[in-house]
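**Q** So that we are looking at the same thing, I have put the structure below in structure tokens.
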Amino acid sequence: SAQIIDGKAFAANLKQDIAKQVAILKEKHNITPGLAVVIVGEDPASQIYVRNKNKSTVEAGMNSFEHVLPEDTSEADLLALVEQLNNDPAINGILVQLPLPKHINESAVIDAINPAKDVDGFHVINSGLLATGGDAIVPCTPLGCLLMLRDRLGDMSGLDAVVVGRSNIVGKPMAQLLLNENCTVTIAHSRTRDLPGVVGRADIVVAAVGRAELVKGDWIKQGATVIDVGINRIATDDGKSRIVGDVEFAAAAERAGAITPVPGGVGPMTIACLLKNTVTATCRQAGVKEPQA
Ligand code: NAD
């Protein structure tokens, strides 16, 4: 049965490397990377994410600046804060936690972030650079998936990869990254005919749908590498709940060569990649080479 890819351990290693890079930046260049995280409103899941991001940033030796704004913050006020952060030399990365309250236009806010400081990689400049092979800042979740795939597979040239889901945040950038690795990439989505057949041909399956166990274990090709991005809370018989992915884990693990668990797979890698992007952004802004950890 499959190797279980330990995203938690992988992320812990990556965070150690990043802390070393940060130490070198301080020592050699007198630079301390600064990450600003902006949250609007009281969404409990978002608050937990922001707290974890803040903690990890400080643990890596970077400066963390948290901006907690009330739910009724106007779009103009949020845009003014983004502009202030764009112009602040102590800030190298800006992350606006999504979703934003409904009265604020998300894409207007993302477009206002200086692309060089857009550590989420959601700005159209960064998605455009990714699509055209430039020096993009790559969205954290797909970047984490890529690092785990590279570690497992090395050269992915010519492999058949399927990405299930076509969101701007996960599915589309993931497909671009796999294309850059010279995979033959299929993007499947809600209108795809014969999803089992499409998944069944793939050497690499990345599931980013947001539907509990949508991808069945017996669809998976023998030996395939399965990356499960989904985070779905489902009710259990005892009246409690638990988190499951988009893949039917136990059955898929019978056939896959390697698979990420949920939780403990892609999730921890996402925050580690946010820190990685912050170091990358800092080095590019300062015109220094990214230190080797
Ligand atoms: P999204 O809702 O924006 O996109 C979902 C995609 O799935 C859509 O493109 C849609 O076409 C496709 N889809 C919907 N139903 C389908 C079906 N029946 N068959 C095939 N495709 C279908 O979601 P997202 O932001 O890309 O997130 C996807 C999942 O990943 C969610 O569970 C989310 O919580 C999780 N996620 C996890 C992390 C992490 O750090 N681990 C980060 C981001 C998102």
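The values are calculated or read from the model by the stated rules, or taken from the named source; none is laboratory data. Treat the numbers as computed from the prediction; the structure is a model and nothing was measured. Cβ placement follows ideal geometry from the backbone for every residue including glycine, while neighbour counts extend to all protein chains displayed. Surface areas here come from the heavy atoms of the whole protein model, side chains and all, with no ligands, DNA or RNA. Shrake-Rupley method; radii C 1.70, N 1.55, O 1.52, S 1.80 Å.
**Q** Within segment 222-256, take every residue that is crowded, with 18+ Cβ neighbours inside 10 Å and of a type outside the set (A, V, I, L, M, F, W, C) and give me the one that is farthest from T141 (Cα to Cα).
**A** R255
**Q** Within the set of pairs 6+ apart or on separate chains, which have a first residue in segment 84-100 that is under 16 Å from M62 (Cα atoms), a second that is assigned to a loop (DSSP other than H, G, I, E, B) and open to solvent by 20 Å² or more (accessible area, probe 1.4 Å), and C-beta atoms under 7 Å apart?
**A** Partner pairs satisfying both residue conditions: L95/D120.
**Q** Could you please let me know if V209 is of a type in the set (V, I, T), farther than 22 Å from N182 by Cα, open to solvent by 50 Å² or more (accessible area, probe 1.4 Å) and in the same structural domain as A161 (by TED's automatic domain parsing)? Working first, answer last.
**A** Numbers: of a type in the set (V, I, T): yes; farther than 22 Å from N182 by Cα: yes; open to solvent by 50 Å² or more (accessible area, probe 1.4 Å): yes; in the same structural domain as A161 (by TED's automatic domain parsing): yes.
Considered against the rule, which asks whether it is of a type in the set (V, I, T), farther than 22 Å from N182 by Cα, open to solvent by 50 Å² or more (accessible area, probe 1.4 Å) and in the same structural domain as A161 (by TED's automatic domain parsing), V209 comes out as yes.
**Q** Of all residues in segment 212-221, which are open to solvent by 70 Å² or more (accessible area, probe 1.4 Å) and either of a type in the set (S, T, Y) or within 15 Å of the ligand (Cβ to nearest atom) (or both)?
**A** The one that is open to solvent by 70 Å² or more (accessible area, probe 1.4 Å) and either of a type in the set (S, T, Y) or within 15 Å of the ligand (Cβ to nearest atom) (or both): K216.
**Q** Also, quick follow-up: Find the residue count for segment 5-48, including only residues that are free of Cβ contacts under 8 Å to residues at least 24 places away in the same chain and of a type in the set (F, W, Y).
**A** 0
**Q** In segment 131-146, what residues are part of a helix (DSSP H, G or I), surrounded by 18 or more Cβ atoms within 10 Å (Cβ to Cβ) and not β-branched (V, I, T)? It would help to see each step written out before you state the result.
**A** In the first step, residues of segment 131-146 are kept if they are part of a helix (DSSP H, G or I); the result is 131, 140-146.
Checking the rest, the ones that are also surrounded by 18 or more Cβ atoms within 10 Å (Cβ to Cβ) come to 140-146.
Selection gives C140, P142, L143, G144, C145, L146.
**Q** Then there is this: Given the criteria at positive phi and among the polar types (S, T, N, Q), does N30 qualify?
**A** On the way: at positive phi: yes; among the polar types (S, T, N, Q): yes.
Considered against the rule, which asks whether it is at positive phi and among the polar types (S, T, N, Q), N30 comes out as yes.
**Q** While we're looking at this one, here's another question. Could you check how many residues of segment 101-130 are within 19 Å of T270 (Cβ to Cβ), in a loop (DSSP other than H, G, I, E, B) and in contact (Cβ under 8 Å) with a residue 24 or more places away in the chain?
**A** 5
**Q** In the set V205, V199, V226, which member is in contact with a strand residue (DSSP E or B) (Cβ under 8 Å, 6 or more places away or on another chain), hydrophobic (A, V, I, L, M, F, W, C) and within 11 Å of the ligand (Cβ to nearest atom)? Give the steps one after another, and end with the answer.
**A** Details: V205 fails: within 11 Å of the ligand (Cβ to nearest atom); V226 fails: within 11 Å of the ligand (Cβ to nearest atom).
Within the list V205, V199, V226, the selection yields V199.
**Q** Quick one: is A9 farther than 29 Å from I259 by Cβ, hydrophobic (A, V, I, L, M, F, W, C) and part of a helix (DSSP H, G or I)? Before you say what the answer is, go through the steps one by one.
**A** Values: farther than 29 Å from I259 by Cβ: no; hydrophobic (A, V, I, L, M, F, W, C): yes; part of a helix (DSSP H, G or I): yes.
Taking the combined requirement at face value, the residue does not satisfy it.
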